[in-house]
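Structure first, commentary second.
The values are calculated or read from the model by the stated rules, or taken from the named source; none is laboratory data. No experiment lies behind these values; they were computed from the predicted model shown. Every residue, glycine among them, receives a Cβ derived from its backbone with ideal geometry; neighbour counts consider all protein chains shown.
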Amino acid sequence: MRITMLTTWNATDGTSYHAELLGREFAKTHKLTVFAPTFESMSKDPHHLPIRKDEDFVIRGFEQTWGSRGWVDDRLCNENCDVLVVESLDRMPIPNLLGMFPKIKAKKVQVIHEWALPENPGYYELDFDAIVCFDRRYKTMLVERYPEEKIHIIPYPCHPCVTDNEEKAREKLGLPKDTLIFFSFGRQPLTEYHDYLWLANELGKKYNLKYLVVRADNPNDSEVVGKTLRGRSSFCEVRFERPLVDRVYDYLHASDIHLIPKGISSNIVVSSAVFQCLGSGTPIVIPDTRYVEELDKEVVKYRSNDRTHLKMQVSRLIKEETFRKATVNAAEKYVRGNSAQKIAERFMDLFLSL
């Protein structure tokens, strides 16, 4: 089967991670071409930072314009593919695609990553054979604009389970052996770390503790970011790098607990970091917000803005081996059921049914 994907690619945001997991699975057994946004247009979006060399099947083939007119490579119409998969349509040159879509004879599938229904009327004029969303919340939103029979729920794919020796990982990263290590990575707003910095101060009174924060900030901002975070906790170590997934997993294997900073959102959202890291064997702690409302015992949730509850949940992970093992086991079970391979197979089943 020849598959073309029109999507973001090779970036650090959640939208790209979903597409890349699926795309690499498709490429193992099928002919794949990916049309991705130009680096110049991506650079205007702070969430899109290229982190690796493009694969041979990637074409930088459109401008990311957030729905307005822009450049799209004419090769999109000449791919002669069987299926066209479009993800993050709201970022694309929709007026151009309206003219190109009738020329593309492939079955067309849209993956909805948008957290609310876009207002751009052109968004709904593009004709798709199927609409894919991650869970029931998205479907409830989408039936307002699409026929229910076109909407299919296929969960967000997970990075496969990968475990490793903690001592080996710490030696590789230059981290101390006999220390309780909390870990966070990403570029969340600094206010979203405040609960965890407070937690480090609280538990640092009792344990030999380090809160390791890996940030992918612009070099011009790193001094201020580091000073701000360390200023709230002497137990905080800040490293500035833009790690690939394998490097993130090194940090996870070296850590005792993965703390994911997330603010409160009223929109329909998922946390790509959770699905990326569930299979590491390191338990995840995260605020109980819409980002994880479809998950249960796979992660350890604490009530947002309730630091006492946060401290209680983390203390349980430290002291209660049964609780820790149950969390890790539930996470690994979820990952095995929703691995990138299995989710790609569900997409293939959908393609063949159209």
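Among the criteria (1) in the same structural domain as GLN188 (by TED's automatic domain parsing); (2) assigned to a helix (DSSP H, G or I), the one VAL269 does not fulfil is (2). When THR308 is tested against the conditions (1) among the polar types (S, T, N, Q); (2) crowded, with 22+ Cβ neighbours inside 10 Å; (3) outside any loop (DSSP other than H, G, I, E, B), the lone failure is (2). In summary, strands (runs of 3 or more DSSP E) completely within the range 153-257 and bearing 2 or more residues that are under 30 Å from ALA344 (Cβ atoms) occur at 180-186.
Selection over the range 49-79 of residues that are farther than 27 Å from ASP217 by Cβ, touching a residue at least 24 places away in the same chain (Cβ under 8 Å) and part of a loop (DSSP other than H, G, I, E, B) gives a count of 8. With the condition kept exactly as written, say whether any residue in the range 132-142 is closer than 21 Å to LEU98 by Cα, aromatic (Phe, Trp, Tyr), in the same structural domain as LEU97 (by TED's automatic domain parsing) and surrounded by 17 or more Cβ atoms within 10 Å (Cβ to Cβ). No, because not a single residue in the range 132-142 is closer than 21 Å to LEU98 by Cα, aromatic (Phe, Trp, Tyr), in the same structural domain as LEU97 (by TED's automatic domain parsing) and surrounded by 17 or more Cβ atoms within 10 Å (Cβ to Cβ). Note on the range 214-233: residues that are loosely packed, with under 13 Cβ neighbours inside 10 Å and either outside the structural domain of SER255 (by TED's automatic domain parsing) or in contact (Cβ under 8 Å) with a residue 12 or more places away in the chain (or both) amount to 1. When we screen LYS150, LYS103 for residues that are touching a Cys at 6+ places or on another chain (Cβ under 7 Å) and surrounded by fewer than 18 Cβ atoms within 10 Å (Cβ to Cβ), the only hit is LYS103. Applying the criterion of being under 30 Å from SER255 (Cβ atoms) and among the β-branched types (Val, Ile, Thr) to the residues of the range 125-169, the residue that is modelled with the highest pLDDT is VAL162.
Taken over the range 318-335, the criterion of being surrounded by fewer than 13 Cβ atoms within 10 Å (Cβ to Cβ) and either among the basic types (Lys, Arg) or not in a helix (DSSP H, G or I) (or both) is satisfied by LYS319, GLU320, LYS325. Got at least one residue in the range 123-136 being in contact (Cβ under 8 Å) with a residue 40 or more places away in the chain, in contact with a strand residue (DSSP E or B) (Cβ under 8 Å, 6 or more places away or on another chain), acidic (Asp, Glu) and not in a strand (DSSP E or B)? Within the range 123-136, one or more residues are in contact (Cβ under 8 Å) with a residue 40 or more places away in the chain, in contact with a strand residue (DSSP E or B) (Cβ under 8 Å, 6 or more places away or on another chain), acidic (Asp, Glu) and not in a strand (DSSP E or B).
Is it the case that the range 294-301 has a residue that's acidic (Asp, Glu) and surrounded by fewer than 18 Cβ atoms within 10 Å (Cβ to Cβ)?
Yes: one or more hits.
Residue count for the range 236-252, restricted to those that are of a type outside the set (Val, Ile, Thr) and closer than 16 Å to VAL162 by Cα: 7.
Look at the range 178-207: where a residue is in contact (Cβ under 8 Å) with a residue 60 or more places away in the chain and polar (S, T, N, Q) and a partner is surrounded by 18 or more Cβ atoms within 10 Å (Cβ to Cβ) and outside any loop (DSSP other than H, G, I, E, B), sitting 6+ places away or on another chain with Cβ atoms under 8 Å, you get SER184/TYR193; SER184/TYR196; SER184/TYR211; SER184/LEU212; SER184/VAL213; SER184/VAL214; SER184/HIS258; SER184/LEU259.
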